[in-house]
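Working notes, beginning with the structure itself.
The values are calculated or read from the model by the stated rules, or taken from the named source; none is laboratory data. If you're wondering where the values come from, they're calculated on a predicted model, not measured in any experiment. Virtual Cβ from ideal backbone geometry, glycine too; neighbours counted across all protein chains shown. Side chains are part of the model used for accessible areas, which takes the heavy atoms of the whole protein and leaves out ligands, DNA and RNA. Shrake-Rupley method; radii C 1.70, N 1.55, O 1.52, S 1.80 Å.
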Amino acid sequence: MPVLGSSPSPHHELALRDYGHSHGSHAHDHFQVLIGLDGVLEIEVEGRGAGIGAGEAQVVAPGDRHDFSARKHGSLCLVLDTTQPAWARCAERASPDSPQLHALARYLAQCMRQPQASALALQHGPALLLEAWSPAPASADSRRRRIDWPLLADWARARWHEPLSVADLADVACLSPSQFAQRCRDEQGVSAMHWLRSLRLAHARELRLGGMSVAETARRTGYRSPSALTAALRR
């Protein structure tokens, strides 16, 4: 398996992999996205076990050691190896139950088998997979104030040196803390503080993938020490 180096410009490799009766254990310095197409691939990432069956997916973050083995009938997966930092956010949450993601994976697999279509799959597949992974916002009453999550994320990223709270986020969104907390659970699928912690960790991953030192990354993202950042990244 090729190993991709960190670079300011993301690199991607998309492939169909038949794991057969393979067993393996390794880590790499890029994100790996596995989407099951057929069979079951047993995988354990940093001690957390899971099975990737047809229509299921897993993101392995850079540096995470993972053991894998296929059951007796083997496993076919669509595999994306990428240095795109945005996958850090996907690595922090479970695979979405997304028919669009699964349908896209099967379509890309078909394209990979056709020489005339494989180049287009390689060119556009990584971005389409990243977009399909992100859960669609829950339908909301048009009378409710819309939360611009990307804008709110940018606001938070500029203030990691401050002790941000749910009340601070709610104030920026022009909502009460309780309203904001409920909207975060409804639209992002996690608590407001979990969303904030994941955002900070994702920013730290982006900086590390860009080559920044652990100490400087910890300083810029508000971790109390380089060791605290290292522990958070390993968790």
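Calculate the FRET efficiency for Q110 and S69 from the Cβ-Cβ distance with a Förster distance of 41 Å, rounded to the nearest 0.05.
FRET efficiency, Q110 to S69: 0.95.
Starting from the alpha-carbon convex hull of segment 188-235, give the projected area averaged over all orientations, in nm².
3.4 nm²
Taking the Cα centre of the chain as origin, work out the dipole magnitude from +1 charges on Lys and Arg Cβ and -1 charges on Asp and Glu Cβ, in debye rounded to 20.
Once rounded to the nearest 20, the dipole reads 460 debye.
Across segment 107-235, what fraction of all alpha-carbon pairs, as a whole percent, falls in each successive 10 Å bin from zero upward?
Percent of pairs per bin, in order: 11, 32, 27, 21, 9, 1.
Only helices at least 24 Å long along their own axis, judged from Cα atoms, and with Kyte-Doolittle mean hydropathy of 0.0 or greater: name those in the chain from DSSP H.
115-133
Per residue, how many Å² of accessible area does segment 136-235 show with a 1.4 Å probe? Please report the intermediate quantities before stating the final value.
Values: 5840 Å² over 100 residues.
Using a 1.4 Å probe on heavy atoms only, each residue of segment 136-235 averages 58 Å².
May I ask you to compute the full-extension gain from S227 to A215, defined as 0.36 nm times their residue separation minus their alpha-carbon distance, rounded to one decimal in nm?
3.5 nm
What whole-number volume per residue, in cubic angstrom, does the convex hull of the C-alpha atoms of the chain give? If you can, show how the numbers build up before the last one.
Values: hull volume 30.9 nm³, N = 235.
It comes to 132 Å³ per residue, whole-number rounded.
Sort 218-227, 76-85 by packing, meaning the average of other beta carbons within 10 Å per residue, with the highest value first. All intermediate terms of the calculation are to be shown ahead of the outcome.
Numbers: 218-227: 16.1, 76-85: 21.1.
Top of the packing list down: 76-85, 218-227.
How do 113-120, 159-166 rank on mean C-beta neighbours within 10 Å, highest first?
Numbers: 113-120: 11.0, 159-166: 13.5.
Ranked from most to least packed, the peptides come out as 159-166, 113-120.
Once fully extended, how much extra length lies between H23 and R234, figured as 0.36 nm per residue of separation less the alpha-carbon to alpha-carbon distance?
Working: separation 211, 0.36 × 211 = 75.96 nm, distance 2.34 nm.
Length gained, H23 through R234: 73.6 nm.
Be a star and scan segment 170-185 for residues whose amide nitrogen sits under 18 Å from the point 7 Å along the Cα-to-Cβ vector of R146.
172-175, 183-184
Rounded to the nearest 0.05, what FRET efficiency is calculated for A103 and V172 with R0 set to 35 Å and r the Cβ-Cβ distance? Numbers along the way, then the final one.
Details: r = 36 Å, r/R0 = 1.03.
My answer for the efficiency is 0.45.
Could you work out [θ]222 nm for the chain from helices alone, using -39500 (n - 2.57) per DSSP H run of at least four and dividing by all its residues? Round to the nearest 500 deg cm²/dmol.
So the helix-based figure for the chain works out to -13000 deg cm²/dmol.
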